[in-house]
């Protein structure tokens with residue numbers, strides 16, 4: 001199998017490439033723009049493997065994408081490249097529209113042009129796997145689960161951009177016949193996770209004795225999926241998924257955010273005791289604008305059709321994650337020092353006072 005993976009230097013992308021190169025022996029081409037959240041150090045274990053190569057390229061660059069297809073002659077594309085942090089989308093939506101919407105369009109067109117030039121046999125076996133999120137479905141009530149037929153109801157610039165990309169992929173299948181498969185996953189966690197996201201942020205702040213910010217009352221529910229389980233699901237979806245179908249991927253582990261934070265504190269207290277319990281560091285802060293209350297995925301379709309099941313429970317997965325961060329400071333310390341130190345993102349600016357010349361001047365500046 002020859003496959004292009006976009007966004008392969010990111011969290012999920014790097015886990016996928018490590019799996020495909022080391023465990024499956026596939027020939028993998030990693031296409032990544034290397035934005036702030038990308039880290040080639042996450043691929044050190046396979047960086048020199050003969051079945052791996054890297055292109056530093058932007059998926060919005062059509063000429064570059066055509067070159068990648070022409071040089072590597074893939075039998076599949078696994079499209080993970082995306083801006084993904086909701087907080088950043090609140091104050092910088094343009095990057096999300098450009099990468100997630102425009103970039104997906106460019107990649108689809110490059111893939112379609114390449115696919116149209118294949119032999120009849122190769123056209124049948126080619127696949128374009130688009131990796132998306134459960135956030136496109138919006139917020140659930142106190143019960144119920146997202147299924148593949150749940151109507152889209154995105155609530156943030158991030159989820160709106162991913163919903164747009166999902167619709168593009170579906171349209172390219174229906175209109176042009178491009179053989180696509182879509183997956184929508186719940187919240188991933190595990191090793192090599194960029195420290196702006198909840199679990200690594202809480203973990204590293206707790207190690208440093210810093211406040212642990214919890215949005216609002218902390219009772220927002222997220223469904224957690226260990227990243228290695230996710231990449232196995234993606235591989236199965238590519239190999240066995242039905243063309244034109246969507247598969248929801250979840251770990252059957254919905255938990256309130258506050259419970260996740262407390263569990264991390266307790267594990268750290270056992271492994272690296274501090275002078276006071278780390279739960280004392282929990283600090284409730286103003287909630288995120290438009291914060292969805294509850295996500296939970298019903299993964300029955302991928303379990304039934306493709307035989308996939310999450311192997312990690314949240315208890316086993318979070319224990320493995322905490323242990324990895326304790327053993328791999330050399331990976332995350334440079335990120336905390338030079339890329340993202342833990343400051344809160346996504347705060348809306350205060351409205352300027354229209355009666356104040358100073359405020360008006362500041363706003364104009």
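Only the coordinates and a few stated rules stand behind these numbers; no lab work does. Remember, predicted model here, so these are calculated numbers, not experimental data. FYI the Cβ positions are ideal-geometry reconstructions off the backbone, even for glycines, and counts take in every protein chain you see.
Using only Cα atoms, tell me the angle between helix 329-338 and the longest principal axis of the chain; keep it within 0 to 90° and round to the nearest 10.
Between the helix axis and the principal axis of the chain, the angle is about 70 degrees.
So for 71, 305, fewest C-beta neighbours within 10 Å to most, what's the order?
Fewest to most other Cβ atoms nearby, the residues stand as 71, 305.
If each residue of separation counts as 0.36 nm, what is the full-extension length gain between residue 316 and residue 53 once their alpha-carbon separation is subtracted?
Length difference between fully extended and current span is 91.4 nm.
If you rank 36, 247 by fewest surrounding Cβ atoms within 10 Å, what's the result?
36, 247
How tilted is helix 257-271 with respect to the longest principal axis of the chain? Cα atoms for both, answer in degrees (0 to 90, nearest 10).
With both axes taken from Cα atoms, the answer is about 80 degrees.
Which of 289, 349, 334 ends up with the largest GNM mean-square fluctuation for the chain, with Cα atoms connected below 10 Å?
In the Gaussian network model the winner is 349.
Give the Rg/Rh ratio for segment 139-202, taking Rg as the radius of gyration of the Cα atoms and Rh as the Kirkwood radius, to two decimals.
1.04
Which percent, nearest 5, of DSSP beta bridges in the chain are antiparallel?
Among the beta bridges of the chain, antiparallel pairing accounts for roughly 10 percent.
Could you work out how far the C-alpha centroid of segment 149-193 sits from that of segment 58-116, in angstrom?
If we compute the Cα centre of each part, the gap is 13 Å.
Neighbouring Cβ atoms within 10 Å as the yardstick, rank 185, 60 fewest first.
60, 185
So, in nm, how far is label residue 174 from label residue 116 when the simple model puts each one 7 Å beyond its Cα toward the Cβ?
Those two pseudo-labels are separated by 2.1 nm.
GNM on the chain, C-alpha springs below 10 Å: top fluctuator among 70, 81, 163?
The residue that fluctuates most here is 70.
Can you tell me, using C-alpha contacts under 8 Å and at least 6 residues apart, the relative contact order of the chain as a whole percent?
17
What angle, in degrees between 0 and 90 and rounded to the nearest 10, separates the Cα long axis of helix 103-116 from the longest principal axis of the Cα atoms of the chain?
Roughly 20 degrees between the two axes.
Over the Cα atoms of the chain, what radius of gyration and what Dmax do you get, in Å?
Taking only Cα atoms of the chain, I get Rg and Dmax of 20.8, 70 Å.
Under the Kirkwood approximation applied to all pairs of distinct alpha-carbon atoms, what is the hydrodynamic radius of segment 178-260 in Å?
Averaging 1/r across every pair of different Cα atoms and inverting gives 14.5 Å.
Largest first and in whole Å, what are the equivalent-ellipsoid semi-axes of segment 250-327 based on the Cα gyration tensor, each being the root of 5 times an eigenvalue?
Those come to 29, 20, 8 Å.
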